[in-house]
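Working notes for the structure below.
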There are 2 protein chains.
Amino acid sequence: MAESQQNPGSGALVLLSGGLDSATTLYLARSKHSAITGLSFDYGQRHRIELDRAAEIARVAGIEHHLIKLDASVFVGTSLVDRSMAVPEERSDEAMATGIPSTYVPGRNILFLSFALSYAEGHGLSAIYIGANAVDYSGYPDCRPEFFEAFQAMANAGTRAGQEGHPVRVETPLIRLTKAEIIRIGTDLGVDYSLTSSCYQPDDEGRPCQKCDSCQLRLRGFQQAGLIDPLTA
Amino acid sequence: MAESQQNPGSGALVLLSGGLDSATTLYLARSKHSAITGLSFDYGQRHRIELDRAAEIARVAGIEHHLIKLDASVFVGTSLVDRSMAVPEERSDEAMATGIPSTYVPGRNILFLSFALSYAEGHGLSAIYIGANAVDYSGYPDCRPEFFEAFQAMANAGTRAGQEGHPVRVETPLIRLTKAEIIRIGTDLGVDYSLTSSCYQPDDEGRPCQKCDSCQLRLRGFQQAGLIDPLTA
């Protein structure tokens, strides 16, 4: 990690899902910007506990936080919203490395980043941080470096800030890190992972299923980092 | 214009603002697709009459229509939403051809297209139509062909449909037409322009100001097409 450099005049937006990756991203962004705004989205996800967690993570980190409610009609055909569809469980590494699972939400990161882009440009913020990761992940197309490069090019072409030479930057500080590396960095920065929720289908008390892709990736990440996950301790 | 070809299995989405361009685009799309859904956005625009017009245009055209309400915090710093800012009036051709006016809404087409993309991918629609125009327009960066090409590339990289080789196509059939050409095409297709509203700051009865960029471009378009605008007849 580079030494943290504060850019006091430059505020930034962090997409905050309530999960492990976005919480770590928030702390990374906070080490580089004087003012941070967290943005979370209620899109009818079955794992709604993450919205409460996002609010709590923001409160503990001392940042401003906005929850945006999206029209419920926008995301269909995904098991993260549609409770009649099954969330895949106990998939092998091979299965996770090939194909796109039913938990894919059509255009989700595109829509979240577009909201963030309008908000950031309107409020004069210099960057948007998103905790996407293309190493220990489920194969979503909108979590790959190629996608974020294309999004940045599109944002540069389609906004006043971009055309005037000071585009809003899309920052993906976790994109090439393993889950274990993310957890170590976050632990060093003081992230309280007991506040985060990663599971796609937690029970009514918010306890993780330990079977979905997201739980499995988290479990292995803590194991490889040589740390204990406070959620399962 | 090419002969209209029906693709009966392929539905499409049309972004419907209630203005002249999007109404024309709807009729063009309807000539090529068996099923059309219109999508409109309530983003706190001062010219809200256009939302009623969009609904009426959809009804008359016999298509399904959805109105999406966006969180009011998303668009700031634009005179199309902020009533304390002045809408530019009676600008010269030279002024319209240079710079980006205060009516620019940060990232608006990016956000609208992103909503449309999620909706289209989730519902298995093949195309999104948007009535953007880069000839007789106000200099918005998100109305230029370069922007739409970049958006398409980003959508191809960031969606399952794109990665599986059947991307949702973003269609901009008006992009290189003059306003007069658009009006002639729409008139041939049977668009009732009396239902459309173009003004950025209509009065309480919905009457156009005749001074904003949008009114001026419309006025000249009808003049050059040799037709009478039913709104001002």
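The values are calculated or read from the model by the stated rules, or taken from the named source; none is laboratory data. All figures in this text were calculated on a predicted structure; none of them were measured in a lab. So basically every Cβ, Gly included, is an ideal-geometry build from the backbone, and we count neighbours across all protein chains shown.
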In segment B:44-74, what residues are buried (at least 21 other Cβ atoms within 10 Å of the Cβ) and not aliphatic (A, V, I, L, M)? B:H47, B:E50, B:R53
Among residues of segment B:127-164 being within 11 Å of chain A (Cβ to nearest Cβ) and among the charged types (D, E, K, R), the residue farthest from A:L117 (Cα to Cα) is B:E164
If B:E205 meets every condition in (1) surrounded by fewer than 18 Cβ atoms within 10 Å (Cβ to Cβ); (2) of a type outside the set (S, T, Y); (3) in contact with a Phe, Trp or Tyr (Cβ under 8 Å, 6 or more places away or on another chain) apart from one, which number is that one? (3)
Among the residues listed as A:I175, A:I128, the single one being surrounded by fewer than 23 Cβ atoms within 10 Å (Cβ to Cβ) and under 13 Å from the mean Cα position of the chain (by Cα): A:I175
In segment A:63-93, the residues that are within 12 Å of chain B (Cβ to nearest Cβ) and basic (K, R): A:K69
Among residues of segment B:178-200 being buried (at least 18 other Cβ atoms within 10 Å of the Cβ) and part of a loop (DSSP other than H, G, I, E, B), the residue farthest from the other protein chains (Cβ to nearest Cβ) is B:V191
Among the residues of segment B:94-126, count how many are without any contact (Cβ under 8 Å) to a residue 24 or more places away in the chain and at the interface with another protein chain (Cβ under 9 Å from one of its Cβ atoms). 3
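So that you can scan it fast, the table gives a plain yes or no per residue for (1) of a type in the set (G, A, S); (2) within 22 Å of B:D71 (Cα to Cα); (3) assigned to a helix (DSSP H, G or I):
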{"position": "A:A23", "(1), (2), (3)": "yes, no, yes"}
{"position": "A:Y27", "(1), (2), (3)": "no, no, yes"}
{"position": "A:E56", "(1), (2), (3)": "no, yes, yes"}
{"position": "A:V60", "(1), (2), (3)": "no, no, yes"}
Test result for B:A58, away from chain A (no Cβ under 14 Å), small (G, A, S) and touching a strand residue (DSSP E or B) at 6+ places or on another chain (Cβ under 6 Å): yes
Tell me yes or no: at least one residue of segment A:39-48 is part of a strand (DSSP E or B), modelled with pLDDT of 95 or more and touching a Gly at 6+ places or on another chain (Cβ under 8 Å). yes
